[in-house]
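See structure below.
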Amino acid sequence: MLARVRSGALRGIDALVVEVEVDVSSGLPHTTTVGLPDGAVREGTERIRAALRNCGFKHAERRVTVNLGPAGVRKEGAAFDLPIALALLAAFGDFGLPDLSRWCVLGELGLDGRVHGVRGALPIAAAARRAALGGLIVPAPNAAEAALAGGPPVFGVETLADAVAHLRGDALRVRTTVDAAALLAAAPLAAGDLADVRGQPSAKRALEVAAAGGHNLLLIGPPGSGKTMLARRLPSILPGLTLDEAIEVTAIHSVAGLLDGRPLVSARPVRAPHCTISDAALLGGGAPIRPGEVTLAHRGVLFMDELPEFRRNALEPLRQPLEERRITVARGAGSVLFPAAFQLVAAMNPCPCGYLGDDARSCRCTPPLVDRYRARVSGPLLDRIDLHVEVPRVPVAALADDAPPEEPSAAVRARVEAARARQRRRLIPLNAHIPGRDVRRLCRIGPAGRRLLEAASERLGLSARAYTRILRVGRTIADLAGEDEITTSHLAEAIQYRSLDRRRLASPYDTA
């Protein structure tokens with residue numbers, strides 16, 4: 001006898017509906033699984049047998065064939081345990097199960113019949129919605145995230161027996177519903193406050209400009225100057241996620257298995273990989289292909305401390321996601337396109353010892369050593385970072401208890417939100433993402449501004465990309481000021497943020 005049920009397979013952060021077919025026939029007891037299953041799917045045979053036996057579903061041993069279609073798509077993970085078990089019971093015909101072909105089911109089975117959570121419930125639920133299926137049965141820990149897809153009714157189960165009782169109508173489960181808007185409204189504010197950072201007015205201003213326009217930022221300064229402290233407070237001045245963005249981020253974290261029981265990721269993600277990270281962990285890869293840190297930071301912040309210490313084979317491929325806000329991960333089994341619209345915040349020392357240009361301590365590095373250190377971050381990568389900002393040592397007077405209070409993050413965030421509202425009125429989500437063909441239309445400058453920018457380009461040897469990025473930064477500075485026109489003062493401030501371009505013209509030991 002043949003029985004069918006639906007499940008889902010992950011492909012990147014998306015999913016497709018998989019048809020699970022189970023055929024039971026007479027013959028020697030044997031189970032065959034076809035349809036490109038991985039080791040976890042094949043091992044599920046023994047888990048399913050033990051779960052059925054321990055839940056009291058006794059049946060005669062028969063010859064069983066399991067097909068997972070489409071056959072050309074690799075099936076990975078243990079999420080097919082529950083659908084195979086239910087289809088097997090339906091195929092035996094002795095347990096009163098109805099036609100299951102309109103149900104989408106996923107879940108990993110324990111030997112005692114418990115249903116364990118799985119990765120990717122949200123994108124699979126979205127695939128079930130697109131396929132117009134009738135309902136979803138998922139592990140109880142995954143029910144809330146699956147309900148976010150807004151598709152067929154979702155029912156969470158804790159055991160195999162719960163799923164059978166629901167399908168037979170003996171003990172109906174309560175449909176899971178989630179008020180995503182309420183969860184988002186109740187999200188706590190990001191940890192940390194700019195008021196905690198004493199001094200550094202120019203760096204704080206650069207942080208505000210970066211937040212308002214979505215610009216990438218590089219902080220350069222000696223150890224202890226506050227680079228890391230500043231970078232970790234960028235989320236506190238960013239606007240909150242929209243509902244669509246929150247669901248998108250939740251889907252990514254669901255695929256990566258990082259939800260930790262949360263139904264919704266309600267705060268912008270902040271990822272801070274260590275400089276020893278591999279290129280696969282940073283960019284994505286592995287078998288099966290999993291999202292990397294650049295994708296886990298989607299719609300949030302990627303903080304890379306000690307930027308020159310990262311491996312070159314991890315740094316250089318960052319050019320694609322910084323430019324296109326997505327990344328293609330290609331392996332022998334195929335390629336996957338991951339979203340990667342993150343905001344990069346990086347920090348580095350001015351030299352290997354860290355004290356070049358510091359008034360308190362003298363630098364021990366030779367000029368060739370400084371050049372080699374800076375060359376670890378290539379020019380093309382630096383071109384894609386809009387703001388290069390020097391963070392000098394904080395004077396002791398600014399650290400005193402009687403120093404005047406600093407501006408809190410809430411006040412800065414209000415200005416950032418007002419600037420972003422101006423950008424939305426121009427139908428541009430962020431100034432940093434203005435398409436190249438629209439830069440001259442949206443970032444118009446007068447004759448005086450054009451002369452200033454041309455002189456700076458000749459003096460600093462700016463590339464065409466850097467020239468365009470200065471215009472985008474100038475547009476953001478004007479938005480923060482509430483002005484429609486980009487003036488020479490806005491452009492002068494934007495040019496001032498090209499610190500490393502200015503340094504190329506001078507000796508590494510020129511501290512002026």
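The values are calculated or read from the model by the stated rules, or taken from the named source; none is laboratory data. Because the structure is a prediction, the values reported are computed rather than measured. Glycine also receives a Cβ, built like all others from the backbone with ideal geometry; neighbour counts cover every protein chain displayed. With ligands, DNA and RNA removed, areas are computed over all heavy atoms of the protein, side chains included. Shrake-Rupley method; radii C 1.70, N 1.55, O 1.52, S 1.80 Å.
Helix 39-54 axis versus longest C-alpha principal axis of the chain: approximately 50°, rounded to the nearest ten.
Given +1 at the Cβ of Lys and Arg, -1 at the Cβ of Asp and Glu and no other charges, the dipole of the range 286-426 around its Cα centre is 880 debye to the nearest 20.
On the principal axes of its alpha carbon atoms, the range 107-200 extends 67, 32, 21 Å, with the longest extent given first. Ranking ALA360, LEU453, GLY77 by Cα position along the charge dipole of the chain, where only Lys, Arg, Asp and Glu carry charges on their C-beta atoms, puts LEU453 farthest toward the positive end. Entry note, the chain: relative contact order of 13 percent, from Cα contacts under 8 Å with a spacing of 6+ residues.
For the range 130-262, the ratio of Cα radius of gyration to the globular rule of thumb 2.2 N^0.38 Å stands at 1.54.
Put +1 on the Cβ of every Lys and Arg and -1 on every Asp and Glu Cβ in the range 133-204; which of VAL157, GLY192, ASN142 then has its Cα farthest towards the positive end of the dipole? Positive-most Cα among the choices belongs to GLY192. Charge tally for ARG372 (other residues, Cβ to Cβ under 14 Å; Lys, Arg +1; Asp, Glu -1): +1. Taking every DSSP bridge with both residues inside the chain, close to 50 percent are antiparallel.
A Cβ-based charge dipole, computed about the Cα centre of the chain with Lys and Arg at +1 and Asp and Glu at -1, lands at about 1180 debye. Extent of the chain along its three principal axes (Cα atoms, max minus min coordinate, largest first): 87, 50, 45 Å. Per the 1.4 Å probe, what fraction of the accessible area of the range 371-484, in percent, lies on carbon and sulfur atoms? Within the range 371-484, the accessible surface is 54 percent carbon and sulfur. Put simply, when 443-455, 466-478, 158-170, 179-191 are sorted by average Cβ atoms within 10 angstrom per residue, most first, you get 466-478, 158-170, 443-455, 179-191. Rolled with a 1.4 Å probe across the full set of protein chains, the surface gives LEU264 an accessible area near 10 Å². A convex hull fitted to the Cα coordinates of the range 393-444 yields 136 cubic angstrom per residue.
Seen against the Cα atoms of the chain and their longest principal axis, helix 243-256 is set at about 70 degrees. Reducing the range 338-365 and the range 277-303 to their Cα centroids gives an inter-centroid distance of 23 Å. Give the distance, in whole Å, between the Cα centre of the range 45-67 and the Cα centre of the range 219-265. About 44 Å separates the Cα centre of the range 45-67 from the one of the range 219-265.
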